[in-house]
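In what follows, a single structure is set out as structure tokens and then discussed.
The values are calculated or read from the model by the stated rules, or taken from the named source; none is laboratory data. On a predicted model such as this, the values are computed, not experimentally measured, just so you know. Here the Cβ is made from the backbone with ideal geometry for all residues, glycine too, and neighbour counts use every protein chain on show. SASA here: full protein model, heavy atoms, side chains in, ligands and nucleic acids out. Shrake-Rupley method; radii C 1.70, N 1.55, O 1.52, S 1.80 Å.
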Amino acid sequence: MRPCISSIAKWHSRLRNFSSANCRVTSLILHETSNGSKKYTTSCEKYPADAHKDNPVSNMLSDSFGRQHTYLRISLSERCNLRCQYCMPAEGVELTPTPQLLTPNEIVRLANLFVSSGVSKIRLTGGEPTIRKDIEEICLQLSSLSGLKTLAMTTNGITLANKLPRLKECGLSLLNISLDTLVPAKFEFMSRRKGHDRVMKAIDAAIELGYNPVKVNCVVMRGFNDDEICDFVELTREKPINIRFIEFMPFDGNVWKVKKLVPYSEMMDIVVKQFTGLERIKDDPTETAKNFRIDGHRGTVSFITSMTEHFCAGCNRLRLLADGNFKVCLFGPSEVSLRDPLRSGADDNELREIIGAAVKRKKASHAGMFDIAKTPNRPMIHIGG
């Protein structure tokens, strides 16, 4: 079923009105429409008033809507060894000069400010984080921060297999590997580089090292890989893999068009036609994905519905970019520099005031998908995956 622009807009509007600061999605409901097609909606459960009582968070990380931000994504690099079409414009991007990027000591100092204020999870992103020569030392220092419970990384997997044993020793506890196709020729077309076999080896290496689950991120695009959805799900049958299907999102230079978007409802329709026994997993209120088990499968399947069913009400994420800019919303254009005041001699309290003020300005939700597509924002490779 190929949705038209108006139907997607109505779907997005309905779900935006449905979502509220006190609501979390807990179950999937299948409806048969008059023309025989299927539609998936969700039920809602109240967000517990005491959800954060065991994890006190400072006022610095609390916004004006009561959301407490315990998850920090840190981009370590704007450089990447792939050129994925949904991430980087065909002509490339202008990279920030190296002296203007955060140093390892600056990264750790800022991370410590966040962790000491209540952040319990840090995810390292890029560009491609593994191309940094000091990645092991950064992981070691971050994982040693008092109060940090989880150190995760999102990587394209190209150079991961050989580095992963040491990274695990340095405290890397969770792993997301990006892979948008199981066909080597399509991989080369999308990423403008070779390397499909190395990504597959990285996934197997992560499983052998005991990462469970190994999360595999797949951006679904109509006409490119939407015919592989069930092939990806099949990977979860024998291996502890969590396939995470991500709706195609608009960023500067990635030529986003609504006709390329495969909505969550359509992905679900494809999956339930081939796989039986889907069971919704009860998610944390801050979870971005809708997670499912399948009877007989070791792994799980998830859907990240940023475009058609946003999860802004439970958002607990903040972003520190490689150039030291601080961003409170992936789709919001607003940024504030932490690098400049840090290098000008600001003490920790002054940095906390800057961070807190930015968090307080965070909006209740991001704009609709069509407004996002028209809003100036940086390419994904600058922001960090």
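Structure notes:
- Near L124, the amide H atoms lying under 5 Å from its own belong to I74, A152, M153, T154; only residues 5 or more places off or on other chains count, and H is placed 1.01 Å from N.
- Using only the C-alpha atoms, the convex hull of segment 255-317 corresponds to 115 Å³ per residue.
- Sequence of D283, D197, D226 from largest to smallest accessible area, 1.4 Å probe: D197, D226, D283
- K239 versus A357: modelled label distance in nm, points set 7 Å from Cα along the beta carbon direction: 4.8 nm
- 11 Å beta-carbon shell around M190, net charge (K/R +1, D/E -1): +2
- Taking a point 7 Å from the Cα of E137 along the Cα-to-Cβ direction, the residues of segment 96-113 with backbone N closer than 13 Å to it are 103-108.
- Label-to-label distance for S58 and S344 is 2.0 nm, based on points extended 7 Å past Cα in the beta-carbon direction.
- Each Lys or Arg adds one and each Asp or Glu takes one away; over the other residues whose Cβ falls under 9 Å from the Cβ of L151, this sums to +3.
- With R₀ fixed at 30 Å, the C-beta to C-beta distance from T103 to R198 puts the FRET efficiency at about 0.55.
- Total charge dipole magnitude, segment 129-233, about the Cα centre, Cβ charges on Lys, Arg, Asp, Glu only, Debye to nearest 20: 320 debye
- Estimated FRET transfer efficiency when R0 is 22 angstrom, pair R298-L278 (beta carbons, to 0.05): 0.90
- Per-residue ³J(HN,Hα) for segment 65-70, Karplus 6.51 cos²θ - 1.76 cosθ + 1.60, θ = phi - 60°, Hz, x for Gly and Pro: 10, x, 7, 10, 9, 10
- Here the spin labels are modelled as points 7 Å beyond Cα on the Cα-Cβ line, and at K259 and I207 they lie 3.8 nm apart.
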